[in-house]
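The values are calculated or read from the model by the stated rules, or taken from the named source; none is laboratory data. All of these numbers come straight from a predicted model, not from anything done at the bench. Neighbour counts are summed over all protein chains in view; Cβ atoms, including those assigned to glycine, are modelled from backbone coordinates with ideal geometry. Surface accessibility is based on the protein's heavy atoms, side chains included, excluding ligands, DNA and RNA. Shrake-Rupley method; radii C 1.70, N 1.55, O 1.52, S 1.80 Å.
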Amino acid sequence: MPSYKEYKSVSEFPLHTQNISREELEKAYQELRTTYRSLTNSRGQLVRRQSEAKTNLVKLQNNLKQTTTALEKVNAEREKLQKSLAHSVEVQRELKNWGDSLNEQVGDLKEQMNATNQLLEEFESVYEEVNKEQGVLAIGRRFYLLLTAAKRLLNTDIKDLVFKNKTASAQDETWAQETTENINRRLLDE
């Protein structure tokens, strides 16, 4: 830190110049003149530094305004992105749910189609069996078999048949599992 120059206090100078000799008066004048020049230089430096500080302050204020504006824009963009991301996540969730729902519907339709095919195959097998039988006495039996097969084909609820198939496949799976009970049953059967 720069050292400050010490100046004489005003009280050290005499108030009236009548009692002072000419030499002392000239010496005091020279000191006052030197001190005044130094003070004027210091005052000029102070004014210059003050104007530089004001300029720097204006620059800092402008930079602060620009930074604040940029920060507000960034925050606005961040909020937009967050809203967009939230919307995107919601749409993605809805699409996944919709896809899962469609997969379930397709699975149900396949099961219904398989059940319908099963009913048709049963009817066809009865029809082929009836066609193989010949003779006059078999006409009543053939008619009864065809009528029963047609009744089953037309009156069977597909949903009930799908449920029975699911239950049967679930039971098949329990027999296929490698549990101690199933292994013991196989050993006893053999």
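Values for this structure:
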quantity: Candidates 140, 107, 135 - the one that is on the phi > 0 side of the Ramachandran plot and exposed (fewer than 15 other Cβ atoms within 10 Å of the Cβ); calculated: 135
quantity: Test: residue 17 is at pLDDT below 85 and surrounded by 10 or more Cβ atoms within 10 Å (Cβ to Cβ); calculated: yes
quantity: Candidates 58, 126 - the one that is without any contact (Cβ under 8 Å) to a residue 24 or more places away in the chain, in contact with a Leu (Cβ under 8 Å, 6 or more places away or on another chain) and among the β-branched types (Val, Ile, Thr); calculated: 126
quantity: Count - residues of segment 153-177 that are modelled with pLDDT of 70 or more, open to solvent by 100 Å² or more (accessible area, probe 1.4 Å) and of a type in the set (D, E, K, R); calculated: 2
